[in-house]
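Enquirer: So that we are looking at the same thing, I have put the structure below in C-alpha cells.
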Amino acid sequence: MSQPAGEIAVRAEGVRKEYPTRDGALVVLEGVDLAVRRGESLAVMGPSGSGKSTLLHILGTLDRPTAGEVRIAGQNPFSLSESEIAEFRGRELGFVFQDHHLLPQCSAVENALVPTLARRCDRGAAAGRAPALLERVGLGARMDYPPADLSGGERQRVAIARAMINAPRILLCDEPTGNLDKATAESIGDCFLDLQKNDGMALVVVTHDERFARRFDRVARLEGGILIFDL
C-alpha cells in the first residue's frame, strides 16, 4: 500500500454542482470537500446517481462546478481558458473509464500513445515510454495486437498505460473494474495500486466494488451530495 506523504495533488472545497430543470435546480453535489496527496489513493463509493462520476469529472476538469473551488497541483484550472485547461488536463491528469474507449484500428502501443498527439512533448521519449508501460501492465508480448485480439482485462490494461503515458500527477478512474469478472478485476486492482505506489501519483477511483475500495488508503461515500469519509 502506498504511503501518503507528498504534497496535496488535488483539493476540492465546497464543491457544489446543480443542473437546471423545469422543476428547479437539481442538486447533485451539495458542498464536497476533499484533499488527496501525491502517493495517496482514495476510493469514492455510493449508489448509482449519487454524483460519483460528476465529482470525478469536476476533479478532472471535464465539467465545471456550480460553486466552490478545485485546485490541482496548487492551481485553479477553471481560471484558465478552454485551450489552457485542455493543455493542463493533458499534462497533470490521466483518466481510465469503465469502457476502455480504445481505437479499434490501432495496436495496443499505438493506443497508449494517443494522448501524446495533442501535446507538445518529446515524441521520441513517448515512443520509448509506451512499450515500457505496456511491459509494466503485463502486455509486453501483446503490444502489437489490436483491441479485437485482446481480452477485456487486457484492453483495460492498455487503457491504464494510455492514462500513464504523460506521467500525470493524478490518475482518475471511473468504475475501472465494472465490466470485468472477479479474478480479472482483482488483477487490474493490483495493476492500479502497483503503478500508483511506484510512481507516487494521487489515485482517485469511483467504484461500486467494496472489496476493491478497501484496498485503498482511504474510502469515502457520497450520500445526499455530501462526501463522508470512513473512519
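Bear in mind these aren't lab numbers, they're just calculated from the coordinates by the rules spelled out. All of these numbers come straight from a predicted model, not from anything done at the bench. Reconstructed Cβ throughout: ideal geometry from the backbone, glycine too, with neighbour counts over all protein chains shown.
Enquirer: Please arrange 106, 191, 173 by counting, for each residue, the other beta carbons lying within 10 Å of its beta carbon, fewest first.
Expert: If I rank by nearby Cβ atoms, fewest first, I get 106, 191, 173.
Enquirer: Quick one: which residues, 5+ away or cross-chain, put their amide H under 5 Å from the amide H of residue 9? H built at 1.01 Å from N.
Expert: For residue 9, whose amide H was placed from the backbone, the distant partners under 5 Å are 36, 37, 38.
Enquirer: Mind sorting 79, 187 by how few other Cβ atoms lie within 10 Å of their own Cβ, fewest first?
Expert: Neighbour counts put them in this order, fewest first: 79, 187.
Enquirer: How much mean residue ellipticity at 222 nm does the chain get from its helices, if each DSSP H run of length 4 or more adds -39500 (n - 2.57) and you divide by all residues, to the nearest 500 deg cm²/dmol?
Expert: -9500 deg cm²/dmol
Enquirer: Can I ask one more? Count the DSSP beta bridges whose two residues both fall in the chain, then state the antiparallel fraction as a percent rounded to the nearest 5.
Expert: Just about 55 percent of them are antiparallel.
Enquirer: Could you check what % of the DSSP bridge pairs in segment 95-231 are antiparallel, to the nearest 5?
Expert: Roughly 35 percent of the beta bridges in segment 95-231 run antiparallel, per DSSP.
Enquirer: Shifting gears a bit: So which residue, out of 76, 166, 198, gets the largest mean-square fluctuation from a GNM of the chain using Cα contacts under 10 Å as springs?
Expert: In this elastic network of the chain, the residue with the biggest mean-square fluctuation among 76, 166, 198 is 198.
Enquirer: Here's a follow-up. Which distance in Å, rounded to a whole number, links the C-alpha centroids of segment 193-231 and segment 53-73?
Expert: So the separation of the two Cα centres works out to 17 Å.
Enquirer: So, one more: Explain nothing, just the number: dipole magnitude of the chain about its Cα centre with +1 on each Lys and Arg Cβ and -1 on each Asp and Glu Cβ, in debye rounded to the nearest 20.
Expert: Using only the charged Cβ atoms, the result is roughly 360 debye.
Enquirer: Hey, what did segment 1-61 get for relative contact order, percent, Cα under 8 Å, at least 6 apart?
Expert: The value is 36 percent.
Enquirer: Taking the chain as a Gaussian network, where each spring joins two C-alpha atoms under 10 Å apart, which residue of 75, 196, 156 fluctuates the most?
Expert: 75
Enquirer: So for segment 1-118, averaging the separation of alpha carbon pairs under 8 Å that are six or more residues apart and normalising by length, what relative contact order in percent results?
Expert: For segment 1-118, the relative contact order is 25 percent.
Enquirer: Which whole-number percentage describes the relative contact order of the chain, with Cα contacts under 8 Å and a sequence gap of 6 or more?
Expert: The value is 30 percent.
Enquirer: Still on this structure: Return the single residue from 26, 150, 42 with maximal mean-square fluctuation; model: Gaussian network over the chain, springs between Cα atoms under 10 Å.
Expert: Largest GNM mean-square fluctuation: 26.
Enquirer: Classify the chain: rounded, prolate or oblate, from the alpha-carbon gyration tensor (a ≥ b ≥ c, eigenvalue square roots; a/c under 1.5 rounded; otherwise prolate if a/b is larger than b/c)?
Expert: prolate
Enquirer: Whole-Hz ³J(HN,Hα) for each residue in segment 62-67, computed from phi via Karplus 6.51 cos²θ - 1.76 cosθ + 1.60 with θ = phi - 60°, x for glycine and proline: what do you get?
Expert: 7, 8, 9, x, 6, 8
Enquirer: To continue, here is another question. Quick check on the exposure proxy: order 45, 201 from fewest to most C-beta atoms within 10 angstrom.
Expert: 45, 201
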